[in-house]
Ligand SMILES: [Fe+2]
Ligand SMILES: [Fe+2]
């Protein structure tokens, strides 16, 4: 018998020994995988328990909230309403009405309570914010005055959304951080409570009444000699009026 034949003859005798060893290794691997899986499950369970303990439970409506948190919450609600108005035509009238009520009440509590309370911290930003509110009210009125069948509705809605979203982000980035740093929490919570109360009242009044209470016209001329300008305009109008009957003939 040559060497190869001898090896072949020995093979059946060694095979069971190697199988037993492989099976042992497999068992060990399975056992260690099971142990690893059990460990992962334990760790994941622990992590989930930790996460659950860190999540703030839902706050009751009358829980104290800082003024800045009240406003940030309203910004997020407005963003959702904009998304809903843009994404679906179903119930669009109701969505626009809700959006108008929310936005006008939000602007109202900022202008009547929040801005006056924080004005000294960022006077330039407050003036800019008031201008953006006025433009927002104008853009909102244009949306509300547009029929659902009008092709311009979505464009006007998009313009309003961009205007207000940029404004909200600027408030959060440049104003609210300063306010939180400079004003103590108890003061901000007291202001927040007053703002929540006025917001509920303004929501109840509805956007038509709230928007009507703002005076967005510039009563005084900002630059130049307005009386002269008005006189020129009146003269031009009078000239056109005088010429009009001739044109009709
Ligand atoms: Fe604002
Ligand atoms: Fe705001």
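We did not get these values from a lab; they are worked out from the coordinates using the rules stated. Because the structure is predicted, anything quoted here is derived from the model rather than measured. Cβ coordinates were reconstructed from backbone atoms using ideal geometry, including for glycine residues, and neighbour counts include every protein chain displayed.
Need the full-extension length gain, residue 62 to residue 124, defined as separation in residues times 0.36 nm minus the C-alpha distance. One decimal, nm.
Net length gain for the segment: 19.0 nm.
Roughly what would the spin-label model give for residue 131 and residue 152, points 7 Å off Cα along C-beta, in nm?
Modelled inter-label distance: 2.5 nm.
Using r as the Cβ-Cβ distance of residue 217 and residue 88, and R0 as 35 Å, what FRET efficiency do you calculate, to the nearest 0.05?
With a Förster radius of 35 Å, E is 0.50.
Any idea what diffusion coefficient the range 67-212 gets from Stokes-Einstein, in µm²/s, Kirkwood Rh on alpha carbon pairs, 4 °C, 1.567 mPa s?
Diffusion coefficient, whole number: 83 µm²/s.
Would you list 164, 183 from fewest to most Cβ contacts within 10 Å?
Fewest-to-most Cβ neighbours within 10 Å comes out as 183, 164.
State whether the range 57-128 is rounded, prolate or oblate according to the following rule on the C-alpha gyration tensor (a ≥ b ≥ c being the square roots of its eigenvalues): a/c under 1.5 gives rounded; otherwise a/b larger than b/c gives prolate, and the remaining case gives oblate.
oblate
Taking the number of other C-beta atoms within 10 Å as the exposure measure, put 199, 214 in order starting with the fewest.
Taking fewest neighbouring Cβ atoms as first place, the list is 214, 199.
Taking other Cβ within 10 Å of each residue's Cβ, how do 211, 92, 157 sort, fewest first?
Ascending number of Cβ neighbours within 10 Å: 92, 211, 157.
Assuming 0.890 mPa s and 25 °C, estimate D for the range 115-154 with Stokes-Einstein, Rh taken as the Kirkwood radius over Cα pairs, in µm²/s.
206
Stretch residue 141-residue 200 to full length: gain in nm at 0.36 nm per residue minus the Cα-Cα span?
Computed gain between residue 141 and residue 200 is 19.1 nm.
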